[in-house]
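Reviewing the structure listed below.
The values are calculated or read from the model by the stated rules, or taken from the named source; none is laboratory data. Everything quoted here is computed from the prediction, not taken from an experiment. Glycine gets a Cβ as well: all are built from the backbone with ideal geometry, and neighbour counts include every protein chain shown. Just the protein is used for accessible areas: all its heavy atoms, side chains included, with ligands, DNA and RNA removed. Shrake-Rupley method; radii C 1.70, N 1.55, O 1.52, S 1.80 Å.
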Amino acid sequence: MTRPRALVSAAACSLMLLLATPGSASANAGDFFYTYTDADGKEQRQKEQDPPSRECLNIPEATEAHPAHSPHNGTDEDAIVYEKVDCEGAKFVVAKDTGEAGPDVKFRSVLFQ
């Protein structure tokens with residue numbers, strides 16, 4: 001009769017351990033940089049620190065007239081930059097760990113994966 005109690009106890013302990021274990025992180029480590037044109041027409045460099053994974057990020061400074069450009073990816077995941085907001089349109093992959101592109105790569109959103 002002690003055997004069923006031991007099995008139930010072991011199952012309960014296993015379930016508690018499973019529930020107490022944190023899930024995988026949803027951010028990737030590192031920095032993503034890009035250049036944008038501010039309201040005064042001056043170029044500025046922006047940094048996104050530890051951006052989230054698998055979530056489309058619209059670049060807040062990018063406008064229809066002045067998209068962001070010159071991405072530099074120092075994160076541990078590839079960055080896919082998109083021509084349009086909401087990760088639509090033409091795309092360009094910026095490799096993880098110091099991948100970069102020049103001013104000819106213009107984008108308004110980015111996705112890390």
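Over all other residues within a Cβ to Cβ distance under 11 Å of residue 58, the charged ones net out to -2, with Lys and Arg as +1 and Asp and Glu as -1.
The Cβ shell under 15 Å around residue 83 holds other residues with a net charge of 0, Lys and Arg each +1, Asp and Glu each -1. Take each peptide in 84-91, 40-47, 28-35, count the other Cβ atoms within 10 Å of every residue, and average; sorted highest first, the result is 28-35, 84-91, 40-47. Annotation: residue 63 carries an accessible surface of approximately 60 Å², with a 1.4 Å probe and no ligand, DNA or RNA atoms counted. Computed with every protein chain present, the accessible area of residue 36 is close to 40 Å² [probe 1.4 Å]. Distant-in-sequence amide contacts of residue 74, defined by a placed amide H-H separation under 5 Å and a gap of 5 or more residues or a different chain, comprise 31, 32, 33, 98.
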